[in-house]
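Values quoted throughout were computed directly from the atomic coordinates according to the rules given, and no laboratory measurement underlies them. Quantities reported herein were computed from a predicted structural model and do not represent experimental measurements. Virtual Cβ from ideal backbone geometry, glycine too; neighbours counted across all protein chains shown.
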Amino acid sequence: MSKVSDLIKAEEKRQEETLMMIPSENYASKAVREAVGSVLINKYSEGYPGRRYYQGNKIVDEIEGLAIEKAKALFGVEHANVQPYSGSPANAEVLFGLIEPGDVIMGLKLSSGGHLTHGHPEITFSGKFFRSVQFGTKDDGVIDYDEVEKLATEEKPKLMIVGTTAYPQILDWERFGKIADGIGAWLIADISHVSGLIIGGVYPTPVPFAHIVTTTTHKTLRGPRGAIIMITGKGIKKDIEVMAKIDRAVFPGLQGGPHNNTTAGILAALIEADTPEFRQYAGQVVKNAKSLAAELKKGGLKLVTGGTESHLIVIDLRPDLSGNVVAESLEKAGIVVNRNSVPNGSSPPFYPSGIRLGTPGVTTRGMKESEMRIVAGWILKVIDHIKGEKLPVEKEKRGEFMKNFRARIENDDLLNEVALEVKDLCKKFPTP
Ligand code: DSN
């Protein structure tokens, strides 16, 4: 076997034998993976269905047309563009399509559960090319809508881009819609994390309140790595013109040829999402997250916002532990999560004070509340085991500390034992 296929096999084994609990990850179906690995990767198709710059696109036109129609029907929107390469390009395309560099935008801070492309200052296009004002959360991690309204009224952003990557509660889309309408701003809802839950009917849709909706397609939606930009039709008189602006911002503005294999994968995922099985999965994702959160809380952990109403949980590890030691210990024990900032925390993103975990992946494998109780038990056991492993306050000592910590847990009996138990559980719930 070639080196490449060896490595892919090794990754397949890792995914099978460990618990995928990073909330933005999921297991795509065989149909989605086959579409992505198909001959469609061989074709160039700059342009849009019926308006291509290359010959030989009749079949690609049909695939893209079907994906657009399916997205429109499932999300209940007027227009859809399925070409964005992923979430960050999709958000860039909306911003550059609708407003001018230098205009004011507003979004939720990354450390409070937003996304880099929602206006993170200095290090992203959204904070460099636009004047970004950001709102955070209260100390309990919950958004204070009165504060958002106050800031919006003072700063008058032209565009509000609202969405979450680490916010466990449900966003009040209606309130955001009212705030945006009150100042005549565009409201962009980035539903990347929750689009599968929205289609599944267990998380509210922003469609009646937002002008534009963006989503990645590989998180709770369980498709390939891609994205969709949608125009809801809300309050937009000239929505055809708006769609044309967005289309031009995607191609030729920021992208070249669409990834047709991804488009076919998106179509396959949307077809799968339009089934009772998918709706059942979406409901179970939330039930599992709630059950996991309840057990972790019972075990004494502090959860940001006090719990969850969605697919994810953020654990605030302050003051005794840090995201790095917990995430690396859990990985050793076969539970794969990511370290994450906590609202109003002072630690840098590379050494944050929390971990983020979610249930889409384990739910796709068929796990339910009883398995979540077992998983919570393992997480509590691991965290208890490494108590006292405190990251140094001095920045320059942290790298060395983590190196030594890694060596200390390399052959740790308890972590190895949990990893074996995780492997046994995983065997009962095969990956798709
Ligand atoms: N990287 C994604 C996540 O993990 O939430 C956001 O882009």
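Computed over region 333-432, the percent of Cα pairs more than 15 Å apart is 70. Using Cα springs under 10 Å in a Gaussian network model of the chain, which residue among 42, 338, 26 shows the largest mean-square fluctuation? Of the options given, 42 has the highest mean-square fluctuation. Taking amide H atoms as placed 1.01 Å from N in the peptide plane, the amide H of residue 355 lies under 5 Å from those of 315, 317, 340, each 5 or more residues away in sequence or on another chain. Here the Kirkwood formula, the inverse mean of 1/r across different C-alpha pairs, assigns region 203-286 a hydrodynamic radius of 14.6 Å. As a length-normalised measure over Cα pairs under 8 Å and 6 or more apart, the relative contact order of the chain settles at 22 percent.
Under a 5 Å amide H cut-off, with hydrogens placed 1.01 Å from N, residue 322 pairs with 391 among residues at least 5 apart or on other chains. Ordered by the number of other Cβ atoms lying within 10 Å of each residue's own Cβ, fewest first, 218, 120, 385, 193 fall into the sequence 385, 120, 218, 193.
Of 4, 342, the sequence from fewest to most neighbouring Cβ atoms within 10 angstrom is 4, 342.
So if a site counts as exposed when it's one of the chymotrypsin sites (Phe, Trp or Tyr not before Pro), its DSSP state isn't H, G, I, E or B, and it has at most 12 other Cβ atoms within 10 Å, what's the longest stretch of the chain without one? Write down the numbers at each step before the final one.
Numbers: sites that count: 53, 54, 350.
The reported range is 55-349.
Each label was represented as a point 7 Å from its Cα along the Cα-to-Cβ direction; for residue 416 and residue 58 these points are 6.3 nm apart.
For region 182-193, the Karplus equation 6.51 cos²θ - 1.76 cosθ + 1.60, evaluated at θ = phi - 60°, returns couplings of x, 10, x, 9, 5, 10, 9, 9, 9, 9, 3, 6 Hz by residue, with Gly and Pro reported as x. Rg and Dmax of the chain, based on Cα coordinates, read 21.9, 65 Å. The slack between residue 2 and residue 248, meaning 0.36 nm per residue of separation minus the straight C-alpha distance, is 84.4 nm.
State, to one decimal in nm², a quarter of the convex hull surface area for the C-alpha atoms of region 204-342, i.e. the direction-averaged projected area.
On the way: hull surface 47.2 nm².
So the Cα hull casts an average projection of 11.8 nm².
What share of the DSSP beta bridges in region 47-163 is antiparallel, in percent to the nearest 5? Present the calculation step by step, with values, prior to reporting the outcome.
Details: 2 of 10 bridges.
Around 20 percent of the beta bridges assigned by DSSP in region 47-163 are antiparallel ones.
Evaluated at q = 0.15, 0.18, 0.23 Å⁻¹, a Debye calculation over the C-alpha positions of region 29-134 (equal weights, vacuum) places log10 I(q)/I(0) at -0.83, -0.98, -1.15. For residue 302, the amide hydrogen comes within under 5 Å of the amide hydrogens of 316, counting only partners 5 or more places away or on other chains and with H modelled in the peptide plane.
Neighbour counting of Cβ atoms within 10 Å sorts the residues 221, 414, fewest neighbours leading, into 414, 221.
Scanning the chain for GluC sites (Glu not before Pro) lying in DSSP loops with no more than 10 further Cβ atoms inside 10 Å, the longest uninterrupted stretch between such sites is 123-393.
Annotation for region 81-105 versus region 372-404: alpha-carbon center distance of 38 Å. Which part of region 264-292 falls in the paramagnetic zone of residue 374, meaning amide N under 17 Å from the point 7 Å along Cα-to-beta-carbon? Those under the cut-off are 288-289, 291-292. Here the 3J(HN,Hα) profile of region 137-148, calculated from phi with Karplus coefficients 6.51, -1.76 and 1.60 at θ = phi - 60°, is 10, 6, 4, 7, x, 8, 5, 9, 5, 5, 5, 4 Hz, Gly and Pro shown as x.
Please list, by residue number, every one of the trypsin sites (Lys or Arg not before Pro) in region 111-156 that is coil in DSSP and has at most 13 other beta-carbon atoms within 10 Å. Each step should come with its number before you reach the end.
On the way: sites: 128, 131, 138, 150; in loops: 138.
Answer by residue number: 138.
Which one of 141, 111, 90 has its Cα pushed farthest toward the positive end of the charge dipole of region 33-144, where Lys and Arg give +1 and Asp and Glu give -1 at the Cβ? So the residue furthest toward the plus end is 90.
Our coupling estimate for region 119-128, obtained by passing each phi through the Karplus curve with A = 6.51, B = -1.76, C = 1.60 and θ = phi - 60°, is x, 4, x, 6, 9, 10, 4, 5, x, 8 Hz, Gly and Pro reported as x. A straight Cα-to-Cα reach below 16 Å connects residue 332 with the aspartates and glutamates 11, 16, 17, 384, 389, 410, 412, 413, 417, 421, 424, residues fewer than 8 places away in its own chain not being considered. Pairs spanning more than 26 Å between alpha-carbon atoms, out of 9/381; 158/234; 128/245; 219/427: 9/381. The alpha-carbon atoms of region 49-198, seen along their principal axes, cover 55, 33, 27 angstrom, with the largest extent given first.
If both residues of a DSSP beta bridge must be in the chain, then about 55% of such bridges are antiparallel. In this rough spin-label picture, where each label sits 7 Å from Cα along the Cβ direction, the residue 387-residue 170 distance is 3.6 nm. Between region 153-204 and region 1-64, what is the C-alpha centre distance in whole Å? What the calculation gives is 29 Å, centre to centre. For region 111-165, the equivalent ellipsoid built from the Cα gyration tensor has semi-axes of 18, 15, 8 Å, listed from largest to smallest.
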